[in-house]
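Since the structure comes first, as structure tokens, the remarks are kept for the end.
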Amino acid sequence: MVLNKQITKQISALNRICRGPGAVKLPNDITGLKLQFKYQNSNGHMGAKKFWRETLPQIQFHNPAIPMAVIRTEAATVEENQTIPATLLVRYSNGEEKSLDIKEKHSSVILNEFIQLTKAQKVAEKDIPYLREFANMN
Amino acid sequence: MVSFTSSIRYNTIKRSSLLAGYNSVSSRPAIILPLTRSYAAPAQTNRRAIEGQVSKELAKKKEAARMMKLRAETKTYTNTPLYFDVPTALRFIRASEVGSPVNQTTINMTFRLVAEKGTAMLQGSIPLPKPLRQTKICVFTSDERLAKAAKEAGAHLAGSTEVIEAVKKGEIDFELAFATPDVMGQLGPIARALGPKGLMPNAKRGTVTDAATILEQVREQSGAVTYKQKADTLSVTVGRVNFTDAELARNILTISQHIKNQSKTVKSKKPVLIGKTILSSLRSPGIVISV
């Protein structure tokens, strides 16, 4: 049965949340993530924004127990605009914090470095829900 | 056809008016005859009336068919790829709200109600086990024991003279007010301040009652969420993303049970049914859940 456009749009929106390169399972000793960057995209903060918008929902979907905060700061002056850092902070249960510099980096590069840092495992295909555009209606 | 009759009428009127003065001298009844011919219109209006009846019947049939389809859909609405159980739905919602300010992440539940046209709309309030916010309630009473009990039950303000004095100064820090009958005499001076805001206690609205009813109302209303049906949908706020799964599940259960009970009390020929129910938040796609 062919579904109407409204439903196919929703299906692709749901698939975008649960499927993709960000479908990774983080180790148990990670207790939190913190992403910090500017409101302005200039000076290498676009990758961080794209990482937040496209990849972070996928990571959150497969790690529902880990709180993920996004803090964006407003750059008031030209100097601030150039100097505010973009970082991804990983918190561990023993109080340790590891930070990743994500300035001037593409969102896919950020994800690769994040996976290397945390040793996250890819989620098996069979564990990811997949919504098909052509459903078998009984 | 129309132009023909109108031309006849025009001619006859013209001629008859011209000849009006001569009628007494030499009567010409033959000229008046075409007038009767110009009354051919009733046949047309009849046809129109019949056509109107037919289209009305068709519309009725179409409406009945639409209602049949909607009624059937209330049993099969979960048969869609967008259907998930509540925990998975919440996982999707939390993922799509990642990194957003908490106060912008309210989760809504939208019911589709299937009812005959002209049926009374559902509206009211539901006391939630885990409310989003406490409604600020004020209780006007001279009974100190009641004031203490009301504050314990969730009232923001309670008392008589000190609360009334504060309102006189212009400090109105509440959204709902109750009063016991004994302080109603003292409320006269502040009626002008409270009245326009709809906060003046009134026996007709049930906000001037005895102590037991006030306590019960305070308990119910302090953590209640209000809802109002619009057209054939009804949307109720469930909670926020930072609530736990158990808290949200309890709220969802309370709301769906309340709406089910409420829909049974509506007076109409056929029962009001609950159709497609969707759980969604500001940034998430709508996810179908079963209630």
Q.
Any residue at all in region A:29-40 that's more than 10 Å from chain B (Cβ to nearest Cβ), more than 21 Å from residue A:104 (Cα to Cα) and small (Gly, Ala, Ser)?
A. yes
Q: Looking only at region B:269-291, decide whether some residue is touching a residue at least 60 places away in the same chain (Cβ under 8 Å), in the same structural domain as residue B:83 (by TED's automatic domain parsing) and more than 25 Å from residue B:82 (Cα to Cα).
A: yes
Q) Among the residues of region B:103-123, is there at least one that is within 14 Å of another protein chain (Cβ to nearest Cβ) and over 22 Å from the mean Cα position of the chain (by Cα)? A) yes
(Q) For region B:73-83, check the following and say yes or no: at least one residue is in contact (Cβ under 8 Å) with a residue 60 or more places away in the chain, closer than 30 Å to residue A:38 by Cα and within 14 Å of chain A (Cβ to nearest Cβ). (A) no
(Q) I'm trying to understand the selection: among the residues of region B:154-194, which are closer than 19 Å to residue B:206 by Cβ and open to solvent by 20 Å² or more (accessible area, probe 1.4 Å)? (A) B:154, B:175, B:176, B:181, B:182, B:184, B:191
Q) Looking at region B:85-102, which of its residues are more than 8 Å from every other protein chain (Cβ to nearest Cβ) and in contact with a helix residue (DSSP H, G or I) (Cβ under 7 Å, 6 or more places away or on another chain)? A) B:86, B:87, B:90
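Listed here are the residues, each with its yes/no results for (1) in contact with a strand residue (DSSP E or B) (Cβ under 8 Å, 6 or more places away or on another chain); (2) assigned by TED's automatic domain parsing to the domain that holds residue B:253; (3) open to solvent by less than 30 Å² (accessible area, probe 1.4 Å); (4) more than 30 Å from residue B:240 (Cβ to Cβ).
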| residue | (1), (2), (3), (4) |
| --- | --- |
| B:55 | no, no, no, yes |
| B:65 | no, no, no, yes |
| B:101 | no, yes, no, no |
| B:109 | yes, yes, yes, no |
| B:119 | no, yes, yes, yes |
| B:125 | yes, yes, no, no |
(Q) Being over 14 Å from residue B:290 (Cβ atoms) and either open to solvent by less than 20 Å² (accessible area, probe 1.4 Å) or modelled with pLDDT under 90 (or both) is the filter here; which residues of region B:72-95 pass it? (A) B:72, B:81, B:90, B:92, B:93, B:95
Q) Among the residues of region A:12-24, is any away from every other protein chain (no Cβ under 14 Å) and crowded, with 19+ Cβ neighbours inside 10 Å? A) no
Q: Go through region B:221-260 and give me each residue that's under 17 Å from the mean Cα position of the chain (by Cα), of a type outside the set (Val, Ile, Thr) and open to solvent by 20 Å² or more (accessible area, probe 1.4 Å).
A: B:228, B:229, B:230, B:231, B:232, B:235, B:258, B:260
**Q.** Residue check, residue A:122 open to solvent by less than 80 Å² (accessible area, probe 1.4 Å) and either of a type in the set (Asp, Glu) or more than 10 Å from every other protein chain (Cβ to nearest Cβ) (or both)
**A.** no
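Within region A:25-42, how many residues turn out to be more than 19 Å from residue B:94 (Cα to Cα), of a type outside the set (D, E, K, R) and crowded, with 17+ Cβ neighbours inside 10 Å?
2
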Q) Any residue in region A:64-77 that is out of contact with any Pro (no Cβ under 7 Å at 6 or more places or on another chain), open to solvent by 30 Å² or more (accessible area, probe 1.4 Å) and within 30 Å of residue B:276 (Cα to Cα)? A) yes
Q: Give the residues of region B:122-157 that are closer than 22 Å to residue B:192 by Cβ and touching a helix residue (DSSP H, G or I) at 6+ places or on another chain (Cβ under 7 Å), sorted by residue number.
A: B:137, B:138, B:139, B:140, B:141, B:142, B:157
Q: Would you confirm whether any residue within region B:263-277 is surrounded by fewer than 19 Cβ atoms within 10 Å (Cβ to Cβ), within 30 Å of residue A:58 (Cα to Cα) and among the small types (Gly, Ala, Ser)?
A: no
Q. Looking at B:96, B:125, B:100, which is the one that is under 20 Å from residue B:214 (Cα atoms) and among the small types (Gly, Ala, Ser)?
A. B:125
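The values are calculated or read from the model by the stated rules, or taken from the named source; none is laboratory data. Bear in mind the structure is a predicted one, so any value in this text is a computation, not a measurement. Every residue, glycine as well, gets a Cβ built from its backbone with ideal geometry; the counts of neighbours run over all protein chains shown. These area figures cover heavy atoms from the full protein model, side chains too; ligands, DNA and RNA do not enter into them. Shrake-Rupley method; radii C 1.70, N 1.55, O 1.52, S 1.80 Å.
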